[in-house]
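Structure first, commentary second.
The values are calculated or read from the model by the stated rules, or taken from the named source; none is laboratory data. Being a predicted model, the structure only gives us computed values, none of them experimental. Cβ: placed from backbone, ideal geometry, glycine included. Neighbour counts: every protein chain shown.
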Amino acid sequence: MKTFYIETFGCQMNAHDSEKVVGTLLGQGYSQVATPEEAELVFYNTCSIRDKAEQKVFHRLDQFKRNGQGKTFAVLGCVAQQEGEKIFEKAPHVSLVCGSASYNKLPELLVQLETGNRRVTGLSLDTDLTFETPLTRRDTPHRAYITIIEGCDKSCAYCVVPFTRGPERSRTSASVIAEASELARSGYSEIQLLGQNVNSYRDPSPAGWNFARLLDQVGRVEGIRRVRFTTSHPRDFVKEIIDAIDTNPALCNHVHLPAQSGSSRVLDSMQRLYTREQYMERIAWMKAAKRPIAITTDIIVGFPGETEADFEATLALMEEVEYDSMFSFKYSRRPNTAALRLEDQIPEEEKSRRLTIVQEKQRAIQIRRNAAYLGVVEECLVEGFNQATGQWIGRTSQNKTLNFVRRGEEDLRGRYVEARVTRAGPNSLAGECVN
Ligand code: SAM
Ligand code: SF4
């Protein structure tokens with residue numbers, strides 16, 4: 001039996017790709033081990049969204065430069081696609097380099113490795129296929145991911161994704177519904193639909209469903225109690241999505257809608273394809289929804305040419321929307337991207353200063369917003385138990401963590417219970433079970 005170890009960096013798309021890769025490897029007769037030391041084959045599924053993320057895989061590979069004899073190293077994902085065969089020069093002990101658009105070919109590439117090929121690559125981006133496999137080995141027992149669309153056809157000036165994940169391609173609605181039904185039959189009650197721009201989904205089959213229709217239909221699959229989706233692109237965010245949330249209680253009341261900046265001037269230079277006003281129109285739809293929708297976002301500070309006034313516009317946007325949570329980043333220069341050619345790069349210290357201001361402001365907003373939940377009863381899906389605090393770990397429909405206490409020995413994992421919020425911090429809520 002051949003053994004493998006896999007480590008995953010980056011986003012949920014990568015995490016789920018790894019679940020599919022693990023399933024494929026198990027299907028080929030490999031067995032998974034918990035450490036790289038025990039493994040014959042070592043896989044890194046990589047992220048190159050920012051420079052720091054990219055460097056991680058090379059640090060890992062460096063550790064095995066001298067003592068990696070007898071092992072085979074494979075680099076998958078975005079760094080693999082971006083650096084291609086250059087990886088063999090930087091890390092000569094690597095034997096397989098494969099981008100996500102070529103995962104369909106993995107079984108074939110593994111055979112090539114086994115038959116003694118020292119350098120094997122899967123780097124073509126020229127595909128209209130998505131990576132579908134019945135063999136997915138899922139990491140979580142109650143929530144399951146389903147990729148509905150891969151790649152990206154936008155060209156944001158800072159972003160490497162269109163170069164690393166290839167053109168946009170959607171799965172048929174029938175295959176998505178079939179996967180959701182199968183998951184429900186095997187006990188999953190929460191589905192998370194994934195895509196770089198999940199709401200750009202377009203059904204390639206004659207049924208021709210748009211994203212809102214697919215979302216609604218997944219929420220109607222018997223046994224599915226919650227449906228989430230990420231990430232939505234503001235340009236393709238239509239009112240129908242909010243109408244679907246309004247009419248279908250299985251659709252979670254949470255939307256992640258990356259703004260990137262609050263300045264229309266910066267958004268234009270980022271080639272984001274929307275203005276601040278158009279973004280705020282989408283926020284207004286959410287705020288007018290029947291259930292209170294939690295809104296979360298991504299912000300980049302220090303994009304080339306971002307003035308103090310532009311930065312203030314981002315702070316004002318945060319104040320206006322009052323996000324429930326946020327990922328914020330310093331702009332990082334990425335290979336091949338249009339922003340490399342922009343003048344007026346912002347110095348590193350200034351980017352750090354702006355990031356600190358954004359993060360402090362967001363913390364204050366979260367304290368304020370979460371305090372509004374005191375006394376409120378929320379339904380939670382129980383994800384685990386924290387031995388140290390004696391609390392169950394629950395997740396609300398709005399994607400907030402609610403840690404709660406409950407008398408009795410019963411194992412609540414995977415169950416839906418109601419809990420009243422008695423304490424609120426910036427990052428989580430705490431309370432007690434009421435049923
Ligand atoms: N497709 C999604 C969208 O359009 O909003 C985002 C996907 S991207 C994988 C996740 C986040 O990484 C982005 O929303 C952005 O905030 C951040 N990001 C991407 N490129 C970046 C860069 N060069 N520097 C800093 N942050 C970056
Ligand atoms: Fe990157 Fe823009 Fe595509 Fe999102 S929409 S993945 S930020 S290029």
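Just need a number here: residues in the stretch 213-230 that are surrounded by fewer than 20 Cβ atoms within 10 Å (Cβ to Cβ) and either assigned to a helix (DSSP H, G or I) or within 16 Å of ligand 2 (Cβ to nearest atom) (or both). Counting residues in the stretch 213-230 that are surrounded by fewer than 20 Cβ atoms within 10 Å (Cβ to Cβ) and either assigned to a helix (DSSP H, G or I) or within 16 Å of ligand 2 (Cβ to nearest atom) (or both) gives 2. Pairs are defined by a Cβ separation below 9 Å, a sequence spacing of at least 6 or placement on different chains, a first member in the stretch 135-153 that is under 18 Å from Gly219 (Cα atoms) and at pLDDT 95 or above, and a second member that is among the aromatic types (Phe, Trp, Tyr) and within 15 Å of ligand 2 (Cβ to nearest atom); the pairs so defined are Ile148/Tyr201; Ile148/Phe211; Ile148/Phe229; Ile149/Tyr201; Ile149/Phe211. What pairs come out if I take residues in the stretch 259-271 that are without any contact (Cβ under 8 Å) to a residue 40 or more places away in the chain and within 12 Å of ligand 2 (Cβ to nearest atom) and pair them with residues that are polar (S, T, N, Q) and part of a loop (DSSP other than H, G, I, E, B) whose C-beta lies under 6 Å away, six or more apart or interchain? Partner pairs satisfying both residue conditions: Leu267/Ser261.
When you scan the stretch 116-139, do you find a residue that is under 27 Å from Ser200 (Cα atoms), among the polar types (S, T, N, Q) and not in a loop (DSSP other than H, G, I, E, B), even just one? Checking the stretch 116-139: not a single residue is under 27 Å from Ser200 (Cα atoms), among the polar types (S, T, N, Q) and not in a loop (DSSP other than H, G, I, E, B).
In the stretch 139-173, what residues are farther than 21 Å from Gly23 by Cβ and of a type in the set (A, V, I, L, M)? Of everything in the stretch 139-173, those that are farther than 21 Å from Gly23 by Cβ and of a type in the set (A, V, I, L, M) turn out to be Ala157, Val160, Val161. Considering the conditions (1) in a helix (DSSP H, G or I); (2) without any contact (Cβ under 8 Å) to a residue 24 or more places away in the chain; (3) within 27 Å of His254 (Cβ to Cβ), Thr389 is excluded by exactly one of them, (1). Pairing each residue of the stretch 162-177 that is within 16 Å of ligand 2 (Cβ to nearest atom) with any residue that is not in a loop (DSSP other than H, G, I, E, B), provided the two are 6+ apart or on different chains, yields C-beta distances under 6 Å for Thr164/Cys78; Thr164/Gln81; Thr164/Gln82; Arg165/Ser100; Gly166/Ala101; Arg169/Glu150; Ser170/Ile149; Ser170/Arg202. Inclusion of Leu381 among residues that are more than 26 Å from Tyr279 (Cα to Cα) and touching a Lys or Arg at 6+ places or on another chain (Cβ under 7 Å) is warranted. Only residues that are under 28 Å from Glu190 (Cα atoms) and either basic (Lys, Arg) or in contact with a strand residue (DSSP E or B) (Cβ under 8 Å, 6 or more places away or on another chain) (or both) were counted across the stretch 89-127, and they come to 3.
Taken together, the residues in the stretch 324-345 that are within 16 Å of ligand 2 (Cβ to nearest atom), under 30 Å from Ile367 (Cα atoms), of a type in the set (Ser, Thr, Tyr) and in contact (Cβ under 8 Å) with a residue 40 or more places away in the chain amount to 2. Applying the set (1) buried (at least 18 other Cβ atoms within 10 Å of the Cβ); (2) away from ligand 1 (no atom under 16 Å from the Cβ); (3) within 17 Å of Met270 (Cα to Cα) to Gly302 leaves exactly one unmet item: (2).
Within the stretch 306-323, is even one residue surrounded by fewer than 18 Cβ atoms within 10 Å (Cβ to Cβ) and within 16 Å of ligand 2 (Cβ to nearest atom)?
Step one: list which residues in the stretch 306-323 are surrounded by fewer than 18 Cβ atoms within 10 Å (Cβ to Cβ), which gives 307-309, 312, 315-316, 319-320, 322.
Then drop every residue that is not within 16 Å of ligand 2 (Cβ to nearest atom), which leaves none.
Checking the stretch 306-323: not a single residue is surrounded by fewer than 18 Cβ atoms within 10 Å (Cβ to Cβ) and within 16 Å of ligand 2 (Cβ to nearest atom).
Among Pro249, Pro292, Pro258, Pro204, which is within 13 Å of ligand 1 (Cβ to nearest atom) and in a loop (DSSP other than H, G, I, E, B)?
Values: Pro249 fails: within 13 Å of ligand 1 (Cβ to nearest atom); Pro292 fails: within 13 Å of ligand 1 (Cβ to nearest atom); Pro204 fails: within 13 Å of ligand 1 (Cβ to nearest atom).
That would be Pro258, the only listed residue that is within 13 Å of ligand 1 (Cβ to nearest atom) and in a loop (DSSP other than H, G, I, E, B).
Restricting the stretch 184-201 to residues that are part of a loop (DSSP other than H, G, I, E, B) and in contact with a Ser or Thr (Cβ under 8 Å, 6 or more places away or on another chain) leaves a set whose member that is farthest from ligand 2 (Cβ to nearest atom) is Tyr201.
For Asp236, indicate whether it is more than 21 Å from Ala157 (Cα to Cα), surrounded by fewer than 22 Cβ atoms within 10 Å (Cβ to Cβ) and either within 16 Å of ligand 2 (Cβ to nearest atom) or touching a residue at least 24 places away in the same chain (Cβ under 8 Å) (or both).
Numbers: more than 21 Å from Ala157 (Cα to Cα): no; surrounded by fewer than 22 Cβ atoms within 10 Å (Cβ to Cβ): yes; either within 16 Å of ligand 2 (Cβ to nearest atom) or touching a residue at least 24 places away in the same chain (Cβ under 8 Å) (or both): yes.
No; evaluated as a whole, the condition is false for this residue.
For the stretch 147-161, a residue qualifies if it is crowded, with 18+ Cβ neighbours inside 10 Å and either near ligand 2 (Cβ under 7 Å from one of its atoms) or in a loop (DSSP other than H, G, I, E, B) (or both), and the qualifying residues are Ile148, Gly151, Cys152, Cys156, Ala157, Tyr158, Cys159, Val160, Val161.
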